[in-house]
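Colleague: Would you mind keeping the following structure in view while I ask a few things?
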Amino acid sequence: MSRELLQLSPQEFVRFLSDHGITRFHLVYDAASGAMAASHPELQPLADFVVADERDFMEHEGAFFQVSRKYDTLQGAFVHRSRRGAAAGGVRYWIYDTVEGYLRDGLRLSVGMTMKNALAGLWWGGGKGVMARNPEVDRDDPEARATLYREYGELMTRIKGCYVTAEDVGTSVDDMAQIFSRTRFTTCIPPALGGSGNPSVPTARGVIAGMEAALEFRGEGTLSGKTVAVQGMGHVGEPLIGYLFDKGVARVIGSDIDEELIARVQQAFSGENLEARFVELDDLSILAAECDIVSPCATGATLNPQSIRSINARIVCGAANNQLEDATRDDRALAKRDITYVPDFLTNRMGIVTCADEGAGYVTDDPMIERHLARDWEYSIYNMTLKVLETSRSTGDPPGTVALDMANALSLETNPIYGHRGQQIIESLVVDRWYED
Ligand code: NAD
């Protein structure tokens, strides 16, 4: 039965739920007994699968689901760990082949957010939203999107703030406004509604901080006079190139798959030493450029055994999420070649940082934001990068592993004001049978 449910497509699963009269359900972990319970007996096989899954299950506190009323779309909120605060992370709108793939994505991505938030010194836990896109619903239909995201906001309200959502792949700022119309438990709302706006510029500054720490660690001075290769000249890549020239780099080699964008960026930096290369989607040759630093700022999984062998730079530091194709194997492969890798989830934190602090209001040159980019706060990108790289040197563990170990320890610290409130919320949801009303 377990495998049967897991191998259903999300739409077949939605029909299964409908046949059993289920519109909302949960899977909740009991750390004391080590068991995971489903809200409905017919869904217990899913809970048993999750808790037995050694690859993606990491004692997640719970996961909450509903089927949208109008568009038969499975919507979920995964709470990995909420000791530091509410589980925060974006909601992904994506096509999944199976229920298993859907569950695994939520489990894996929510752990990633726990680690990113904890390493950033934020008092947030880690969570992720996942909506399984119904292929029969037009992704670009504004009416469908508005309905789906409003209903997702209703789910946030129902689960009472144990998970706080944000923007992610497949979700736009307009979608966030729809969510916000139904719940206070969201971030990344449009600036017109009091949100923090596009975080790409602070993200680029965060990458600069990571590069400077890596250079310092290697005893190679500052960015001045260096050559940097930037893969992807989009929202992060373009301002990054600007900051690099501000720092006095000798040369930037950029690449992108978008010819119009390349022309625009070339125009913007016409007086600078920028070589912009047009490449095909599967062309990773920029990683092999003769340079001091390579900065992946396009897509994930570009660092694999083959591309790592080709790298000439001594430092890899960029914004792209999940740069390592295999987190353990490729982390080690880079270290073995004496290439200093700055873990992506350390250096690209500014997106979640700017969103996560929205509730604290805004200050010009906001100290809550600036401290992440400065050198006088223990958890700044610069200081954490140095700490990770120095620990890596002394222990022999590669930087990604070291950063994860540090993040894991931080994620177990309990919020000094609210305690482990997320867990309390989850327990009360179960007792109150939230899925029934
Ligand atoms: P973006 O889509 O604006 O830019 C990415 C650019 O990469 C695009 O111009 C695209 O054409 C280009 N590209 C795609 N494949 C390429 C390839 N094979 N070679 C060269 N260029 C290629 O995205 P962004 O907002 O700049 O984000 C870049 C990366 O950083 C993404 O992985 C994103 O998830 C991550 N990230 C961004 C932020 C943020 O604040 N924007 C925060 C955290 C992480």
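The values are calculated or read from the model by the stated rules, or taken from the named source; none is laboratory data. Computed from a predicted model, the values in this text were never measured in an experiment. Using ideal geometry, Cβ is built from the backbone for each residue, glycine included, and neighbour counts are taken over all protein chains shown. These accessible areas exclude ligands, DNA and RNA; they are computed on the full protein's heavy atoms, side chains included. Shrake-Rupley method; radii C 1.70, N 1.55, O 1.52, S 1.80 Å.
Colleague: Mean residue ellipticity at 222 nm from the helices of the chain, using -39,500 (n - 2.57) per DSSP H segment of n ≥ 4 over the full residue count, to the nearest 500 deg cm²/dmol?
Modeller: -12500 deg cm²/dmol
Colleague: In what order, largest first, do W434, W94 sit by accessible area if the probe radius is 1.4 Å?
Modeller: Of W434, W94, the descending order of accessible area is W94, W434.
Colleague: OK, next. Considering only protein heavy atoms, what per residue accessible area in square angstrom results for the chain with a 1.4 angstrom probe?
Modeller: Values: 18450 Å² over 437 residues.
In whole numbers, the chain has 42 Å² accessible per residue.
Colleague: Measure nothing but the geometry: give the 0 to 90° angle between the long axis through the Cα atoms of 259-268 and the longest principal axis through the Cα atoms of the chain, rounded to 10°.
Modeller: For helix 259-268, the angle is close to 50 degrees.
Colleague: Going by average Cβ density within 10 Å per residue, which order do the peptides 13-20, 173-180, 423-430 take, highest to lowest? Mind showing how you got there, number by number?
Modeller: Numbers: 13-20: 15.9, 173-180: 21.2, 423-430: 18.2.
Order by mean packing, descending: 173-180, 423-430, 13-20.
Colleague: Also, I was wondering about something else. Using the basic label-point model (7 angstrom from Cα toward the beta carbon), what is the T157 to N312 distance in nanometres?
Modeller: 5.9
Colleague: Okay, next question. Using a 7 Å offset from the Cα along the Cα-to-Cβ direction at both S181 and E4, what is the distance between the two label points in nm, to one decimal?
Modeller: Going by the 7 Å Cα→Cβ label model, 4.1 nm.
Colleague: May I ask you to list the lysines whose Cα is less than 27 Å away from that of K70, ignoring any residue fewer than eight positions away on the same chain?
Modeller: Within the straight-line limit of under 27 Å, K70 reaches these lysines: K128, K160.
Colleague: By per-residue mean of other Cβ atoms within 10 Å, what is the highest-first order of 358-366, 3-11, 162-170?
Modeller: Details: 358-366: 10.4, 3-11: 16.3, 162-170: 23.3.
By packing density, highest mean first, the sequence is 162-170, 3-11, 358-366.
Colleague: Mind grabbing the base-10 log of I(q)/I(0) for the range 253-356 at q = 0.10 Å⁻¹? Debye formula, identical points on the C-alpha positions, no solvent, two decimal places.
Modeller: Here the Debye-derived log intensity ratios amount to -0.30.
Colleague: Sequence gap at least 6, Cα distance under 8 Å: using those rules, report the relative contact order of the range 106-249 to the nearest whole percent.
Modeller: Numbers: 156 pairs, mean separation 20.6, N = 144.
With pairs under 8 Å counted, the relative contact order is 14 percent.
Colleague: Name the lysines eligible as straight-distance cross-link partners of K336: C-alpha to C-alpha under 22 Å, and not fewer than 8 places from it in the same chain.
Modeller: K387
Colleague: Based on C-alpha coordinates, I'd like the Rg and Dmax of the range 200-403, in Å.
Modeller: 16.1, 46
Colleague: Just need the relative contact order of the range 2-63 here, percent rounded to a whole number, with Cα pairs under 8 Å and 6+ apart. Each step should come with its number before you reach the end.
Modeller: Values: 59 pairs, mean separation 19.8, N = 62.
Result for the range 2-63 is 32 percent.
Colleague: Rounded to two decimal places and with Rh computed the Kirkwood way over Cα pairs, what is Rg over Rh for the chain?
Modeller: Values: Rg = 21.9 Å, Rh = 22.5 Å.
Over the Cα atoms of the chain, Rg/Rh equals 0.98.
Colleague: Once R0 is set to 60 Å, what does the formula 1/(1 + (r/R0)^6) return for the Cβ-Cβ distance between E216 and E436, expressed as a FRET efficiency to the nearest 0.05?
Modeller: On the way: r = 57 Å, r/R0 = 0.94.
That gives a FRET efficiency of 0.60.
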